[in-house]
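The values are calculated or read from the model by the stated rules, or taken from the named source; none is laboratory data. Everything quoted here is computed from the prediction, not taken from an experiment. Here the Cβ positions follow ideal geometry from the backbone for every residue, glycine too, while neighbour counts run over all protein chains shown.
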Amino acid sequence: MNKVIKCSVPVAREPGESPMTLPPGRCAVSSEISFSSGRLSRAILLTSFLAAWLFGAAAVASAQTYWWSSGATSSVWTDGANWSGGTAPSANDGSENVNVPGSATFFPNLPLGGYQLNNLTLQSGAQLDTVGQNLQVNGSFSNNGTLRIQGGETITLTMDTNSGAVEYYGSGVYLNPLPAGTTYFNLVFTASPTWTSGGVQSLTVNGNLDIGNDAADVVTFTDGLNATVTGTFSLFGTIATVDSALTLGNITLGSVATISTGGGTLSVGTIDGAFALGVDTTGGTGTGVISFGGSIGGVTPLASLTVNGKNAVALPSVTSSGVMNITAGGAVTDSGQLQITGTVTINAGANDITLDDDTDTDLYGTLVLTGANVTVV
């Protein structure tokens, strides 16, 4: 009489033989093996077991790939009509691949409860929105599009740091570090989120970093931000911290912008862009020291510059097509050329003001200077 062996259950044996079990994940080519008793049964069993052991589960079943349809009519993940072939991925066990083309009008949102994938591919122009749901990618994440994340999700994947973008678009209060890690290619913060707890947020961006989407956005890193950006750091709206340090590198203004540390220190490189910029390091218990590491408006003149410093302010070369207003809790000095079309107003209180660059001719409109000792050369 034939006997049947099924994976992960004890193997039928001959009288007097010890039981055998095929371990999980080492199933034979067929889910069942039928054989007659005797040596033939053992030969079939051994052959099947070795094949499964040598080649693994991949030899018997490869991950199925689901393609999002370019003709999708909504962003609903579970609607089979939005997927090429008419069937939506549904296993949610890390065994499926998903590929999203950039030619669609609608792009997928993760389903309620989140999803676990094997590989995820976002082609150029494509998007995947987590809509607050958790995402786990066990295999590769190839990103030439945009992965959109609110901020409170759990994201488990190996980030593509050579291409593509990740956008954090929520306006809630979220915990550091960022759910998709600290290293990105292109990174975008839109809306007005607050990132808090966990210490200073250290980010490495191999491409471009955008803070904000327009002048109304306020992106707050409560415990500070240390950003290393290879490409362009664009600032839209306000970047802020609460009595903590901001280390930002070179900045290009994309709109009217504000940098606020709430008493923390500020270290910044060059600043360019035809918009008004406000810098404020007052408040809190910190020193509020400002370190300008490069020219302001050297490539593209600012519309105006306003600095409210808790401590001394040492100005680099500044070019503005409008006014410049400086209020300082310490001395005010300059180390480069000032080219200000409008009025220059500097208030150092009981501290000195010294504008004495000897290498270039300062050009400005009306000077309004308030300080203990004022020197203009």
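The condition of being crowded, with 16+ Cβ neighbours inside 10 Å and either touching a Phe, Trp or Tyr at 6+ places or on another chain (Cβ under 7 Å) or among the acidic types (Asp, Glu) (or both) does not hold for Leu187. The residue list Asp280, Asp243 contains one member that is more than 23 Å from Tyr174 (Cβ to Cβ), surrounded by fewer than 23 Cβ atoms within 10 Å (Cβ to Cβ) and charged (D, E, K, R), which is Asp280. Screening Phe292, Phe236 for residues that are within 17 Å of the chain's Cα centre (by Cα), surrounded by 20 or more Cβ atoms within 10 Å (Cβ to Cβ) and among the aromatic types (Phe, Trp, Tyr) leaves exactly one candidate, Phe236.
Scanning region 179-218 for residues that are among the aromatic types (Phe, Trp, Tyr) and part of a loop (DSSP other than H, G, I, E, B) gives a single hit, Phe185. Among the residues of region 123-150, the one identified as among the β-branched types (Val, Ile, Thr) and farther than 18 Å from Ser75 by Cβ is Val137.
Write out, first by first residue and then by second, each pair whose Cβ atoms fall under 8 Å of each other, whose residues are 6+ apart or on separate chains, and whose first residue, in region 269-294, is in contact (Cβ under 8 Å) with a residue 60 or more places away in the chain while the second is crowded, with 22+ Cβ neighbours inside 10 Å and in a strand (DSSP E or B). Qualifying pairs under 8 Å: none.
How about region 73-173: which strands (runs of 3 or more DSSP E) wholly inside it have at least 1 residues that are within 23 Å of Thr204 (Cα to Cα) and not acidic (Asp, Glu)? Walk me through how you get there before you give the answer.
Details: elements: 96-100, 115-117, 120-122, 127-129, 135-137, 141-143, 146-149, 165-168.
Output list reads 120-122, 127-129, 135-137, 141-143, 146-149, 165-168.
Per the conditions (1) closer than 26 Å to Pro177 by Cβ; (2) more than 25 Å from the chain's Cα centre (by Cα), the sole criterion not satisfied by Ile155 is (2).
State all residues of region 121-150 that are of a type in the set (Ser, Thr, Tyr) and in contact with a strand residue (DSSP E or B) (Cβ under 9 Å, 6 or more places away or on another chain); if no residue qualifies, say none. Result: Thr121, Thr130, Ser140, Ser142, Thr146. Annotation note: of Gly145, Gly170, the sole residue that is free of Cβ contacts under 8 Å to residues at least 60 places away in the same chain and either touching a helix residue (DSSP H, G or I) at 6+ places or on another chain (Cβ under 8 Å) or farther than 19 Å from Asn119 by Cα (or both) is Gly170. Residue by residue through region 93-148, note down the ones that are over 18 Å from Thr158 (Cα atoms) and surrounded by fewer than 16 Cβ atoms within 10 Å (Cβ to Cβ). Within region 93-148, Gly102, Ser103, Thr105, Leu112, Gly113, Ser124, Gly125 qualify.
Look at region 357-377: where a residue is under 14 Å from Asp334 (Cα atoms) and modelled with pLDDT of 75 or more and a partner is in a strand (DSSP E or B) and of a type in the set (A, V, I, L, M), sitting 6+ places away or on another chain with Cβ atoms under 6 Å, you get Asp362/Leu338; Tyr364/Leu338; Tyr364/Ile340; Tyr364/Val344; Leu369/Ile346; Leu369/Ile353; Val374/Ile353; Val376/Leu355. When the residues of region 318-348 are filtered to those that are assigned to a strand (DSSP E or B) and small (Gly, Ala, Ser), which remaining residue is nearest to Phe275 (Cα to Cα)? Looking at the filtered set, the residue picked out is Ser320.
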